[in-house]
Amino acid sequence: KEPRGDWFIPAQLKSSVTLFYLHGGGYTFYSAVTREFMAMLADYFGLRMFAPDSRLTPEHPHPAQLNDAIDAYRFLLSKGVDPAQLVIAGDSAGGHLALMTLLELREQDLPQPALVVGICPWTDIGERGASFYGNDRYDLVQGWMALKFGEWLKGASGLSNEALSPIHHNFAGLAPLYLQGGGKEVLVDMIREFAATVRDQGCEVTLDVWEHMTHNFQAHGQSMPESCEALERIAAAISS
């Protein structure tokens, strides 16, 4: 049975790569503008994309979203998608889910994808770094909002922040990571620290930060030179 989700198929396919996209929204919403962003990405990259419509918090806390992501990944494999031609990507909370999915694939002895792309990924559901509150004045996402999203993700599970934060896990031996961040977003310090942490573990990771950009600036598409450059770098990472 095909999992609930959205397929985005561009008019012209540029590659046989399939993009498995996990949407942002703090795990609490899946908005129309997010769907437009994903459609733009599929068209820009010339890749077919599947984005699962995962259950949302606070009604469905962890591990509902992780289970939905793994089920969707298994579905793609069952349809003959080659893991070597499969890229997992996600923005914000979707970036968090992409990283947690990578860990869960190892736990379930499932094949790793070719690459994971984290667009302004949420790497710690607790407080981390001076930017977490210091960039509130610039960013659409605020520090207090991230903490609330973390509370809803945990629900009544009794799990700690550490258990549900990628920065506290070991990514050695897993798929390579390509990460992007904005220097004026609240999450930028934790993104930088996560990249340094997993690099020390032996994980292959690349991080690009645009110093004057806020959270999910890539959604500006071709209307801003910074977002154009960011999209081009994602395309290059996928094709390399």
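The values are calculated or read from the model by the stated rules, or taken from the named source; none is laboratory data. As the structure is a computational prediction, the values presented were derived from the model and not from experiment. Here Cβ is always computed from backbone atoms with ideal geometry, including for glycine, and neighbour counts include all displayed protein chains. To get the accessible areas, we keep the full protein, side chains included, count just its heavy atoms, and leave off ligands, DNA and RNA. Shrake-Rupley method; radii C 1.70, N 1.55, O 1.52, S 1.80 Å.
Once the mean 1/r over all distinct Cα pairs of the stretch 79-215 is inverted, what Kirkwood radius in angstroms do you read off?
The answer is 15.1 Å.
Tell me, what HN-Hα J-couplings in whole Hz come from the Karplus equation 6.51 cos²θ - 1.76 cosθ + 1.60 at θ = phi - 60° for each residue of the stretch 70-86, using x for Gly and Pro?
5, 4, 5, 5, 4, 4, 4, 4, 5, 8, x, 5, 6, x, 5, 10, 10
What is the calculated FRET efficiency for Thr206 to Ala156, with r their C-beta to C-beta distance and R₀ = 45 Å, to the nearest 0.05?
So, using R0 = 45 Å, E works out to roughly 0.75.
Once both labels are modelled 7 Å past Cα along the beta-carbon direction, what's the Asp136-Trp7 spacing in nm?
4.5
For Arg74 and Ser16 in one chain, what is 0.36 nm times their gap in residues minus the Cα-Cα distance, to one decimal in nm?
Once the chain is fully extended between Arg74 and Ser16, it gains 19.0 nm.
Report, to two decimal places, the Cα Rg of the chain normalised by 2.2 N^0.38 Å (N = number of residues).
Dividing the Cα Rg of the chain by 2.2 N^0.38 Å gives 0.92.
Using a basic spin-label model with each label point 7 Å from the Cα along Cα→Cβ, how many nm lie between Arg35 and Met145?
2.1
Let me spell out the model: positive unit charges on the Cβ of Lys and Arg, negative unit charges on the Cβ of Asp and Glu, origin at the Cα centre of the stretch 129-240. What dipole size does that give, in debye rounded to 20?
Magnitude of the dipole: close to 220 debye.
Round to the nearest 0.05 the FRET efficiency obtained for Glu127 and Cys228 when R0 = 41 Å and r is the Cβ-Cβ distance.
Computed FRET efficiency for Glu127 and Cys228: 0.80.
Averaged per residue, what accessible surface does the chain expose to a 1.4 Å probe, in Å²?
43
Post the alpha-carbon centroid distance, the stretch 75-98 to the stretch 181-237, in whole angstrom.
Cα centroid of the stretch 75-98 versus Cα centroid of the stretch 181-237: 19 Å apart.
Setting aside same-chain residues fewer than 8 positions from Lys79, which lysines have a Cα under 27 Å from its Cα?
Lys1, Lys14
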